[in-house]
Amino acid sequence: MNLDFSIIKPYFNLFLVGAFVTVKITALAVLMGIVIGLFVGMGKLSHFWPIRILCGAYVEVIRGTPLLVQIFIFYFGLPQILGVNIPEYPAAVMALGINSGGYVAEIIRGGILAVEKGQMEAARSLGMSHNQAMRYIILPQAFKKMIPPLGNEFVTLLKNSSLATTIGFSELTRAGQIVAGNTYKPFEPYFTVAAFYLVMTLGFSRLLGILERRLAVSD
């Protein structure tokens, strides 16, 4: 087998753009997931049982169904119901974000439960409402415990964003498909795609490690 990585050079900018788009949609999806996860995670801790059941059902459905199927539902299924076509970009971001929300909800719930119950009781004894105690006392402490799993969620979603190529969305994996189709050499393009993903995940993991150490020093 003769390998020729020189075929990658004319398409290198295509891979760079694909990598940028991958990071961009992942960041947007994780931000969306954090917003959803914050409400759902706290909803699962609610004393109002209908909210607790509804939030629990959301988490179970999201975590119990494949992301690929969820992407298909957003891109192919919703237009059938709404009667409006959804472009690849928003469909990919929404599917990834809502999927991320199910996992982030459990991360946030776990982070809140990891804070000692005495912290809430102390805040309430000082005259704070439940919402004030959560905002100023519980969540800041829980956030430090959430950083590692949130970082893992970002890395996982970064890799899973490659599934968006199944609906024709132009990201990093799609760039590899285009180059493989143009050159009739699949190994070099897909190896390059894998290398890009590896650099991005290792780079983010390194940044996450630095952040964790700085927060540990500040404790």
Original post:
Just wondering, is there one or more residues in the range 24-45 that are of a type outside the set (Lys, Arg), exposed (fewer than 14 other Cβ atoms within 10 Å of the Cβ) and touching a Lys or Arg at 6+ places or on another chain (Cβ under 7 Å)?
Top reply: no
Subject >> Any hit, the range 192-206, residues being surrounded by 14 or more Cβ atoms within 10 Å (Cβ to Cβ) and more than 22 Å from the chain's Cα centre (by Cα) >> reply: yes
**OP:** Can you give me the ranges of the helices (runs of 4 or more DSSP H) entirely in the range 108-219 with at least 1 residues that are charged (D, E, K, R), more than 30 Å from GLY43 (Cβ to Cβ) and without any contact (Cβ under 8 Å) to a residue 24 or more places away in the chain?
**Re:** 187-218
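To keep it simple, each residue is scored yes or no on (1) surrounded by 17 or more Cβ atoms within 10 Å (Cβ to Cβ); (2) in contact with a His (Cβ under 9 Å, 6 or more places away or on another chain); (3) of a type in the set (Val, Ile, Thr).
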residue	(1), (2), (3)
ASN131	no, no, no
ILE137	yes, no, yes
GLN141	no, no, no
MET146	yes, no, no
LEU150	yes, no, no
ASN160	yes, no, no
ALA164	yes, no, no
GLY168	no, no, no
GLU171	yes, no, no
**OP:** May I ask you to say which residue of ILE112, ILE108, ILE138 is over 17 Å from the mean Cα position of the chain (by Cα) and within 30 Å of ALA95 (Cβ to Cβ)?
**Re:** ILE112
Original post:
How many residues does the range 1-56 contain that are among the polar types (S, T, N, Q) and in contact (Cβ under 8 Å) with a residue 12 or more places away in the chain?
Top reply: 2
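Laboratory data are not the source of any read-out in this text; all were calculated from the coordinates shown. From a predicted model like this one, the values you see are computed outputs, not experimental measurements. With ideal geometry, Cβ positions are generated from the backbone for all residues, glycine too; neighbour counts draw on all protein chains shown.
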